[in-house]
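Q: Below you will find the structure I want to go over with you.
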Amino acid sequence: MSEATEPSDAELMRRAGAGEREAFAELYARHQATVYRFARLMTASETVAEDVVQDVFLAVMREGSRWDAARSSLTTYLFGIARHHTRRRWLRERRFTVLDITCERAHGRAADASDELAHHESLARLRGALVRLPSRYREVIVLCDLQGVSYTDAAAAVGCAVGTVRSRLHRGRRMLAERLTRAGACRTALPAAAMRCET
Amino acid sequence: MTADEMDEHEPALREALRALAAAEASSAAPPRVERALLRAWDARHGRAGASVAGDETIVSGTARVRRARQIWGPAVAAGLLWAALVAVSDWVGTQDRPGVERRAPRAGLAAEARPLDGGWRDAAVPEDPVLPSARPIDHAREAGLPAPRPSARWTAVVLADESVTAEGVPLVVRMRVSREALEALGVPAPGAAGMVDVDMVVGEDGVAQAFTLER
């Protein structure tokens, strides 16, 4: 008896293109979390991330035939669409983004709070610093460092050379470290830097 | 940051990024997104039970807020404008009726509420929080001040959902606003393009409560 294998993305896309609802639902179930996390990390907004997920899968619904399986994986294709929608949303709505973590508050709380609270606060600071990075650096950090996408796939999603991804990643990490250190977040977010700050 | 400093920070940064990735690992779009997408799918493919045509079933979070504003903003403004007009017409109707009892104004308020150099010279503060726009004129009259006449040249728009002057002493500020800006705010300002004189009642909290503008 042969074991049932999961259909490939290409197969699901083909079936969805032919109007099969279950295939579209399966594609959504398979990839929505990846797209959602990317958009959430890029914008620090759950609402915008939800919108981006909707936009991405609406694009799949309407123009899924544009994906060429020979050129890139479906994930890369979805990242490309998500990136486009995220940038558009970000440009339009960044004025309204509220980042509510201040260093003084975080430090003050951390002194008395549990490790878990300190951990959450350090993550919040990191998110805040990340979302303030220029998008070309932010997106490669989100893709490569936070979502484990290969440099090659990241380059395909972003539409640049692999070398450019590497250099942006290097520069982005440096900017992130600088911002965290400058903001005084080094104590929890960058433990090694904390030793420098306190000595 | 120098290369040496970066080298020193990089392991900690990587560790922090790993922690963030781990924290995000379980996050996913809420089920309502899938439901909306599948409704859109059904509508697009003409499935039975799809109630809305095309992709209209998709209403984004930010769009929901925006749409609510688009619907409710003008409706609330129109309602308040209507209430203000009813109150003014009520005041006009009771002007010459004998036996209409009027309360005396609070001393000093009329003088405090008249920073204008023209237009509303006689603005005053009512004690009654119920009628927002008629009472100030009554009080001004009883205080011996020449009451302003309702003018066809001016339109009043009340923004607050309670008496304009229920608490504290308001400030009346005159300013010039472009007609385009007013229309962008949903306030019709018919007439040629240009600047419009607007008298704005600002509460003690600094929030605009009402304004009048020249038609």
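Q: Provide A:TYR151, A:TYR28 in ascending order of the number of other Cβ atoms located within 10 Å of each residue's Cβ, fewest first. Mind showing how you got there, number by number?
A: Numbers: A:TYR151 17, A:TYR28 23.
Ascending number of Cβ neighbours within 10 Å: A:TYR151, A:TYR28.
Q: Arrange A:SER73, B:SER89 by Cβ neighbour counts within 10 Å, fewest through most, would you? Write out the running numbers ahead of the final one.
A: Details: A:SER73 17, B:SER89 12.
Fewest to most other Cβ atoms nearby, the residues stand as B:SER89, A:SER73.
Q: Next question. Using only atoms on other chains, find how many Cβ atoms lie within 10 Å of each Cβ of peptide A:28-41 and report the average.
A: Numbers: counts 6, 2, 0, 0, 5, 6, 1, 2, 6, 7, 1, 1, 4, 4.
Shielding by partners across A:28-41 averages 3.
Q: When Cβ neighbours within 10 Å are restricted to other protein chains, what is their mean count per residue of peptide B:28-37? Each step should come with its number before you reach the end.
A: Numbers: counts 9, 15, 4, 0, 2, 10, 7, 0, 5, 11.
Per residue, the number of nearby Cβ atoms from other chains is 6 on average.
Q: Within 10 Å of each Cβ in peptide A:84-92, how many partner chain Cβ atoms are there on average? Round it to a whole number, please. Show your work: numbers first, answer last.
A: Details: counts 0, 0, 0, 0, 0, 2, 0, 0, 1.
That average works out to 0.
Q: Sort the following peptides by mean Cβ neighbour count (other Cβ atoms within 10 Å, averaged over residues), highest first: A:14-20, A:154-160. Provide the component values of the computation, followed by the final result.
A: Working: A:14-20: 15.1, A:154-160: 19.6.
My ranking of the peptides, most packed first, is A:154-160, A:14-20.
Q: May I ask you to sort B:VAL207, A:VAL48 by Cβ crowding, counting other Cβ atoms within 10 Å and putting the fewest first? Please list the in-between numbers first.
A: Details: B:VAL207 10, A:VAL48 25.
The most exposed by this proxy come first: B:VAL207, A:VAL48.
Q: If amide hydrogens are placed 1.01 Å from N in the peptide plane, which non-local residues have theirs closer than 5 Å to the one on A:ALA69?
A: Those lying under 5 Å, H to H, from A:ALA69: there are none.
Readers should treat all values here as calculations from the given coordinates under stated rules, not as data from a laboratory. The model shown is predicted, which means the values in this text are computed figures rather than measured ones. Virtual Cβ from ideal backbone geometry, glycine too; neighbours counted across all protein chains shown.
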